[in-house]
Amino acid sequence: MSEHIKKIGVIGAGQMGSGIAHVCALSGFNVHLVDISPENLERAMSEIERNMARQVEREEITAAAAEAAQKLISTGSDYAGFGDCQMVVEAATENEAVKKEILKDLCPHLSEDALVASNTSSISITRLGSYTDRPGKFVGMHFMNPVPRMELVELIRGIATDEDTFSVFKDLTLRLGKTPVSAEDFPAFIVNRILLPMVNEAIYTLYEGVGSVDSIDTAMKLGTHHPMGPLELADFIGLDICLAVMQVLHEGLADTKYRPCPLLTKYVEAGWLGRKSGRGFYDYSGDEPVPTR
């Protein structure tokens, strides 16, 4: 099973990559976190420290466990530090061209037996695996956001994935304290196949003037007991990510019901990407988020 895995590499120090590094280190694995931006790495380490401090406050972990976990994380700006990793998780931006180049550049730095996973939320695992020199040792390992809080990991086999490889990742997911579910290699898998069209439909509801930002989010929170309204959730996910997933669904399944709402496209073109840019369906510049429509 996964007992041979001692060190895990993570590519991408954004929200997902830092969250994956966080849970792996807390579970006792050495972690090497890589990003081309030193600023991103610095921000990620600060975020991991803050999130672990919150877990200590909630008495979910001890201060000693948090301190020990942070010492298990090293950072770097190239793939040289992955040579002694038994497994690497790619968690770069949701763009197939970017992931393709990363996977091609990564493999020469790995040991022959190293396993590779992608945290993609929508892109074909079979196709991503074909960009590596080890498609049999490649899986989709889609963590939910925020990684330290969310219990689920979607595990996706590519057509070439070895059964032993899949078993190792399933066992590892359990060791991380998460619940694995197996999803077939169809566009957006399970969670985003269901969730993102709902978000897209909420944006159409806004676009067509059926309701305002506030009325749509309030209706869904109070009418269905969703913890976040769909437009608030879109801002949390990132509107660029929402658009990328909808494009994958639309292109991959060739069904007009997955057509991205033109308003979503317009917001992304404007650079209004949600919380991370300070503005999306809400403006985050003040003390409280204010609807932008």
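None of Glu101, Glu59, Glu39 is more than 15 Å from the chain's Cα centre (by Cα), over 24 Å from Ile241 (Cα atoms), of a type in the set (D, E, K, R) and surrounded by fewer than 15 Cβ atoms within 10 Å (Cβ to Cβ) except Glu59. Residue count for the stretch 1-30 satisfying the condition of being under 14 Å from Gly81 (Cβ atoms) and under 17 Å from the mean Cα position of the chain (by Cα): 6. Looking across the stretch 1-57, the residues that are within 18 Å of Gly177 (Cα to Cα) and of a type in the set (S, T, N, Q) come down to Ser2, Ser18, Ser27, Asn30, Asn51, Gln55. Can you pull out the residues in the stretch 192-209 that are farther than 17 Å from Gly140 by Cβ and in contact with a helix residue (DSSP H, G or I) (Cβ under 7 Å, 6 or more places away or on another chain)? Residues satisfying the conditions are Pro197, Met198, Val199, Asn200, Ala202, Ile203, Thr205, Leu206, Tyr207.
Got a sec? Which of Val147, Val89, Val98 is over 15 Å from Phe186 (Cα atoms), out of contact with any Cys (no Cβ under 7 Å at 6 or more places or on another chain), free of Cβ contacts under 8 Å to residues at least 12 places away in the same chain and among the hydrophobic types (A, V, I, L, M, F, W, C)? Don't jump to the end; show me each part of the working.
Values: Val147 fails: free of Cβ contacts under 8 Å to residues at least 12 places away in the same chain; Val89 fails: free of Cβ contacts under 8 Å to residues at least 12 places away in the same chain.
Only one candidate passes the filter, namely Val98.
Of the residues in the stretch 143-152, at least one is outside any loop (DSSP other than H, G, I, E, B), surrounded by fewer than 18 Cβ atoms within 10 Å (Cβ to Cβ) and under 21 Å from the mean Cα position of the chain (by Cα). For the stretch 50-71, the criterion of being touching a Ser or Thr at 6+ places or on another chain (Cβ under 7 Å), aliphatic (A, V, I, L, M) and in contact (Cβ under 8 Å) with a residue 24 or more places away in the chain is met by no residue.
In the stretch 174-220, of all residues being of a type in the set (Phe, Trp, Tyr) and closer than 18 Å to Thr256 by Cβ, the one that is modelled with the lowest pLDDT corresponds to Phe186.
The values are calculated or read from the model by the stated rules, or taken from the named source; none is laboratory data. Fair warning: this is a prediction, and the values are worked out from it, not measured in the lab. Because the Cβ atoms are built from the backbone with ideal geometry, glycine has one as well, and the counts that use them run over all protein chains shown.
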